[in-house]
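Report on one structure; see the data block that follows.
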Amino acid sequence: MAEADLTELTDQALVDLCKKRGAKDDRPFEELVKRHQAAVWRVCYYFMGDALDAEDIVQDVFFKAHRGLPEFEGRASFRTWLNQITINTCKNELRMRTRRPAVVEEELGDVREPIEMAEGLDQRWQGMTGREELALALEMLQPDQFTALQLRDVESRSYAEVAQMLGISQSAAKMRVQRARLALRGALQRLRDGGGMP
Amino acid sequence: MTSHPTKDHLEDFIADRLDESGNVAIIEHLSICDSCLEVVDQLWVATDLNQSLLNVPDLKETATLRMRRNLVHRIHLAELGRQMMRFAGVGVLSMMRVLLEPIFGSHNRPGLKEDHDD
C-alpha cells in the first residue's frame with residue numbers, strides 16, 4: 001500500500017496493518033506517530049513543563065506503544081489507549097525524579113525525613129502552578145473523557161470527528177465532551193479545596 | 001428538557017453551578033440541540049480553564065522530525081537486539097547439541113528408529 005493511502009486509513013486500520021506486517025514495514029506505525037505526536041507531546045508538556053523533557057517522554061510513549069501494539073485489542077480507541085500510556089509514563093518519570101533526591105536525604109538521618117516529607121506535600125498542594133494543577137486534574141478524568149476533551153477543545157475537531165475517532169455516535173460525543181468539561185472543572189476545584197485525588 | 005435553557009442557565013452549567021440533575025438535563029438537551037450547543041461551546045472557549053488547556057508552546061517542525069528520527073532509530077535498535085538474542089539462542093542450542101551429541105548420541109535415545117544395513 002502506498003504511503004499516501006495510509007493517511008486515509010483509520011487508526012484501527014493502521015493498528016491492524018502494524019500487527020499484520022510486524023517489523024517488516026514501519027510505515028503504518030510511522031503514520032500513527034505522525035498523526036498523534038503533537039497531541040502526545042502536549043500532554044507530556046502539561047506534566048513535565050519543559051519542551052525537551054516532553055520530547056524525551058514522547059519517544060518513550062511511542063516506543064512502549066510499538067512494543068504493546070500486539071496486545072492492543074481495540075476496546076478503547078487508539079488515542080485513549082495512547083493517552084493512558086502517556087499519563088502513566090509521565091507519572092512514572094515524575095515519581096522517579098522525586099525519588100532520586102530522597103535517597104540522598106535518607107543518609108542525613110531519619111529525624112529530618114518526616115519533616116521534609118510533610119513540607120514536600122504541603123508545597124505540592126500550595127505551590128502548584130496552573131500547569132501542574134491542570135496536569136493533575138486531567139489525570140483525574142476518565143480516559144475516554146480526557147480524550148474527548150483533547151479532541152474537541154485542544155485540537156478543535158468537530159463533534160462528528162470526535163465521534164468518529166472515539167467510535168461512538170455524535171450525540172454521545174457531544175455528551176461526553178460536556179461531561180469531560182464538568183469533570184475537569186470539578187477536579188480542579190477539588191485540588192484547590194485541598195481534597196486532592198479522590 | 002423540552003424548551004431551550006436561558007443563556008444564564010447555560011452559563012451556570014459551564015461554571016459547574018448546577019446540581020447533578022440540572023447538569024443531566026442540560027447535557028441531554030445539548031446532545032439534540034445544536035444552537036444551544038454552539039452557545040455553550042462559545043462560553044466554554046472564553047473560560048480561563050480552556051485558555052490554560054491551550055496555553056502550550058507550539059511544537060516546532062524540527063522537534064517533530066527529531067523525535068520521529070530518534071524513535072525509529074530506537075525501534076530498529078530494539079528489533080536488532082531481539083534478533084541478535086534469537087540468533088544467540090539458536091547458536092547456543094546448536095553448540096550444546098554438537099558438544100553433547102557424542103555423550104548422549106542420538107542413536108541411543110529410546111524411541112528412535114535405528115538404521116540397519118540388512
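The values are calculated or read from the model by the stated rules, or taken from the named source; none is laboratory data. Quantities reported herein were computed from a predicted structural model and do not represent experimental measurements. For neighbour counting, all protein chains shown are included, and Cβ atoms are generated from backbone atoms with ideal geometry for every residue, glycine included. Heads up: the accessible areas ignore ligands, DNA and RNA and are worked out on the full protein's heavy atoms, side chains in. Shrake-Rupley method; radii C 1.70, N 1.55, O 1.52, S 1.80 Å.
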Of the numbered conditions (1) buried (at least 22 other Cβ atoms within 10 Å of the Cβ); (2) more than 14 Å from every other protein chain (Cβ to nearest Cβ), residue A:12 satisfies every one except a single condition; which is it?
-> (1)
Scan segment A:158-176 for residues that are open to solvent by 40 Å² or more (accessible area, probe 1.4 Å) and more than 12 Å from chain B (Cβ to nearest Cβ) and jot them down.
-> A:161, A:164, A:165, A:167
Quick count over segment B:67-98, residues being more than 9 Å from chain A (Cβ to nearest Cβ) and open to solvent by 90 Å² or more (accessible area, probe 1.4 Å), is 13
Answer yes or no as to whether residue A:154 is of a type outside the set (Asp, Glu), surrounded by 15 or more Cβ atoms within 10 Å (Cβ to Cβ) and within 9 Å of chain B (Cβ to nearest Cβ).
-> yes
Return the total of residues in segment A:44-56 being within 16 Å of residue B:71 (Cβ to Cβ) and surrounded by 22 or more Cβ atoms within 10 Å (Cβ to Cβ).
-> 2
Go through (1) more than 29 Å from residue B:56 (Cα to Cα); (2) out of contact with any Asp or Glu (no Cβ under 7 Å at 6 or more places or on another chain); (3) surrounded by fewer than 18 Cβ atoms within 10 Å (Cβ to Cβ); (4) not charged (D, E, K, R) one by one and return the number of the condition residue A:18 breaks.
-> (3)
